[in-house]
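Here is the structure we will look at.
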Amino acid sequence: MENQKQTDSGVPQEVTNSSLQRVEPPNWWIGFNDQFLQLMIHENKIGSANVSIDYPGIELKEVHRARSENYLFIDLEISERTKAGKFDIAFKFNDGSEKAHTYELKKRDNNAGDFVGFDSSDAIFLITPDRFSNGDPANDSFENLKQTGIDRNHDYKRHGGDIKGIINHIDYIHDLGYTAIWPCPLL
C-alpha cells in the first residue's frame with residue numbers, strides 16, 4: 001500500500017508500507033512485567049535508515065546499527081498504559097525515500113500469567129520416533145527417498161516409527177512417570 005506524504009519543501013513524497021524481508025519478533029503482547037522489547041529488522045540497506053514511531057505508550061529507546069547494512073536493531077519501551085493495536089514503524093533513508101512497517105501489539109490472555117513451565121518435578125522422555133512405534137505403516141515408504149520401506153534388522157535403516165505411534169502409546173509414557181516428551185527428530 002502506498003500513500004503520499006508532504007515533505008518540508010511541499011513536494012509530495014511516496015511512502016511505501018510493504019513487508020520488510022524480516023521483523024523479529026513478528027508481533028508482541030502488552031502486559032508483560034518486562035517492558036523492554038528489541039526488534040530485529042532485516043531489509044536491504046535498512047541500517048542507514050532513521051527510525052521513528054508514533055504510538056501512545058511506545059518509546060523508541062535506542063537504535064543499534066549492525067555491521068551489515070541489511071540489519072537494524074530497535075529497542076522499545078512499552079508502558080503499562082499501552083493499548084493493544086497496530087502502529088507504523090517509519091524508516092527514512094538518506095536519499096529521502098521512506099518505508100513503513102505495520103507492527104502489532106496484541107492483548108495477552110488473562111490467564112497467561114498463570115502459565116507454569118517445566119521444573120525439577122518434570123521428567124522428559126527423549127524419543128527417537130523412528131525407533132519407538134510404527135503407528136501408520138502407510139508412511140513407511142516414499143519413492144523420493146533413497147531408502148524405501150523399513151528394515152528393523154539394520155541399525156542404520158529406517159524402522160518405521162512415527163508420530164501416530166507416539167500418540168498410540170501416550171498412556172504408556174505417562175504410566176512410566178514421564179510428564180513431557182521430546183521427540184527428536186520429527187520427519
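The values are calculated or read from the model by the stated rules, or taken from the named source; none is laboratory data. Note that the structure is predicted; figures quoted are calculated from it, not measured. Here Cβ is always computed from backbone atoms with ideal geometry, including for glycine, and neighbour counts include all displayed protein chains.
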Among the residues of the range 53-101 satisfying the criterion of being acidic (Asp, Glu) and over 23 Å from the mean Cα position of the chain (by Cα), which is surrounded by the most Cβ atoms within 10 Å (Cβ to Cβ)?
Glu98
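From Gly47, Gly57, which residue is within 20 Å of Ser97 (Cα to Cα) and without any contact (Cβ under 8 Å) to a residue 40 or more places away in the chain?
Going through Gly47, Gly57 in turn, the sole match is Gly47.
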Provide a single number: the residues in the range 16-57 that are among the hydroxyl-bearing types (Ser, Thr, Tyr), assigned to a strand (DSSP E or B) and closer than 12 Å to Ile89 by Cβ.
1
For Thr82, state whether it is in contact with an Asp or Glu (Cβ under 7 Å, 6 or more places away or on another chain), hydroxyl-bearing (Ser, Thr, Tyr) and on the phi < 0 side of the Ramachandran plot.
no
Quick one: how many residues across the range 137-179 are of a type in the set (A, V, I, L, M), surrounded by 11 or more Cβ atoms within 10 Å (Cβ to Cβ) and in contact (Cβ under 8 Å) with a residue 24 or more places away in the chain?
4
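Somewhere in the range 140-154, is a residue among the β-branched types (Val, Ile, Thr) and not assigned by TED's automatic domain parsing to the domain that holds Phe32?
Checked the range 140-154: at least one residue is among the β-branched types (Val, Ile, Thr) and not assigned by TED's automatic domain parsing to the domain that holds Phe32.
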Those residues that are among the polar types (S, T, N, Q) and in contact (Cβ under 8 Å) with a residue 60 or more places away in the chain, I need them from the range 98-136; list them, please.
Thr102
Checking the condition under 30 Å from Ile173 (Cα atoms) and not assigned by TED's automatic domain parsing to the domain that holds Ile163, which residue from Val63, Val51, Val116 passes?
Val116
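Where in the range 70-187 are the helices (runs of 4 or more DSSP H), entirely inside, with at least 2 residues that are at pLDDT 95 or above and acidic (Asp, Glu)?
170-175
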